1. With respect to residue 305, determine if the residue is surrounded by fewer than 19 Cβ atoms within 10 Å (Cβ to Cβ) and modelled with pLDDT under 75.
2. Would you confirm whether or not region 52-70 contains a residue that is within 33 Å of the chain's Cα centre (by Cα), modelled with pLDDT under 90, surrounded by 14 or more Cβ atoms within 10 Å (Cβ to Cβ) and closer than 30 Å to residue 41 by Cα?
3. Going by the conditions given, is residue 183 modelled with pLDDT of 95 or more and either assigned by TED's automatic domain parsing to the domain that holds residue 260 or on the phi > 0 side of the Ramachandran plot (or both)?
4. List pairs: first residue in region 263-283 and assigned by TED's automatic domain parsing to the domain that holds residue 166 and without any contact (Cβ under 8 Å) to a residue 24 or more places away in the chain, second residue assigned to a strand (DSSP E or B) and surrounded by fewer than 19 Cβ atoms within 10 Å (Cβ to Cβ) anywhere in the structure, Cβ distance under 7 angstrom, at least six positions apart or on different chains.
5. So, in region 269-301, exactly how many residues are surrounded by fewer than 17 Cβ atoms within 10 Å (Cβ to Cβ) and in a strand (DSSP E or B)?
6. What's the total number of residues in region 256-302 that are farther than 23 Å from residue 156 by Cα, at pLDDT 90 or above and more than 21 Å from the chain's Cα centre (by Cα)?
7. Is it the case that residue 225 is surrounded by 11 or more Cβ atoms within 10 Å (Cβ to Cβ), touching a residue at least 24 places away in the same chain (Cβ under 8 Å), more than 26 Å from the chain's Cα centre (by Cα) and under 22 Å from residue 279 (Cα atoms)?
8. Say whether the condition of being at pLDDT below 90 and either under 39 Å from the mean Cα position of the chain (by Cα) or surrounded by 15 or more Cβ atoms within 10 Å (Cβ to Cβ) (or both) is met by at least one residue in region 75-87.
């Protein structure tokens with residue numbers, strides 16, 4: 001495998017947030033972006049926020065909310081010192097508040113006045129609601145179907161049936177069978193308008209076969225670079241220095257989960273191997289069993305017949 005050519009990207013200074021507007025920074029699929037007018041953490045949509053943050057942040061937020069609520073009720077108990085029997089320091093009231101919030105109650109400390117009963121009853125109601133919401137959020141986070149697709153680390157452009165072809169490989173990362181797999185490949189290419197403006201346009205690359213009824217092992221998806229292909233205008237000899245990007249998305253039905261799963265992979269120009277081909281991952285054992293070596297999904301070798309052609313950057317048949 002040839003070494004990846006170095007890429008030099010200028011550092012872009014993040015703009016300051018304009019007065020009266022919120023600013024959000026993010027990164028996805030290798031794209032770094034900044035949005036003005038939106039918030040990275042939107043507290044007006046707590047459900048979406050709770051499902052999109054990472055597990056460490058989610059657990060820390062739940063613990064902070066629980067302890068804050070317990071501390072607030074412990075402070076209320078201080079308004080009447082005799083509200084809780086056998087409670088002397090503030091820490092006793094905090095532990096009693098935690099036990100009440102969790103609807104446990106050990107019996108050593110208990111409400112001793114009407115005020116204490118009122119506060120404890122309110123705390124029990126809050127605790128039941130808090131536990132129900134937390135349980136629901138954890139269930140949703142665990143029950144979301146997760147995609148298990150394995151993409152090749154690189155994409156190749158080689159000749160297939162005598163024609164230059166872009167190829168990407170995707171493997172089923174689960175032991176079970178998937179069905180109704182649909183793949184789309186799009187290219188982001190910088191183009192210049194007749195007025196001299198430069199903009200990035202998304203082109204859908206037509207695949208020889210973009211849908212497969214069953215997806216058990218490894219499948220190679222191909223786009224022929226012909227006169228109708230948007231890649232026809234891309235110079236192959238300088239493609240590694242270009243800003244072309246490829247977005248590969250796949251959607252398939254997982255019968256084991258009873259749900260449709262999706263995933264997407266981005267390839268930069270430096271991830272292309274022009275004049276190389278994928279190494280076969282499939283072998284047949286002595287008993288006739290088909291063996292797929294997923295660890296070889298990104299292995300490539302140079303195509304001898306294409307060596308001289310690709311060195312000159314020629315795509316003509």
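1. Working: surrounded by fewer than 19 Cβ atoms within 10 Å (Cβ to Cβ): yes; modelled with pLDDT under 75: yes.
Criteria met by residue 305.
2. Looking for residues that are within 33 Å of the chain's Cα centre (by Cα), modelled with pLDDT under 90, surrounded by 14 or more Cβ atoms within 10 Å (Cβ to Cβ) and closer than 30 Å to residue 41 by Cα, one finds at least one in region 52-70, hence yes.
3. Working: modelled with pLDDT of 95 or more: yes; either assigned by TED's automatic domain parsing to the domain that holds residue 260 or on the phi > 0 side of the Ramachandran plot (or both): yes.
It is true that residue 183 is modelled with pLDDT of 95 or more and either assigned by TED's automatic domain parsing to the domain that holds residue 260 or on the phi > 0 side of the Ramachandran plot (or both).
4. Pairs found: 279/301; 283/291.
5. Within region 269-301, residues that are surrounded by fewer than 17 Cβ atoms within 10 Å (Cβ to Cβ) and in a strand (DSSP E or B) number 7.
6. Within region 256-302, residues that are farther than 23 Å from residue 156 by Cα, at pLDDT 90 or above and more than 21 Å from the chain's Cα centre (by Cα) number 0.
7. Working: surrounded by 11 or more Cβ atoms within 10 Å (Cβ to Cβ): yes; touching a residue at least 24 places away in the same chain (Cβ under 8 Å): yes; more than 26 Å from the chain's Cα centre (by Cα): yes; under 22 Å from residue 279 (Cα atoms): yes.
When the stated conditions are applied, residue 225 passes them.
8. Yes: region 75-87 contains one or more residues that are at pLDDT below 90 and either under 39 Å from the mean Cα position of the chain (by Cα) or surrounded by 15 or more Cβ atoms within 10 Å (Cβ to Cβ) (or both).
The values are calculated or read from the model by the stated rules, or taken from the named source; none is laboratory data. Predicted model, so just to flag it, every value in this text is computed and none were measured. Reconstructed Cβ throughout: ideal geometry from the backbone, glycine too, with neighbour counts over all protein chains shown.
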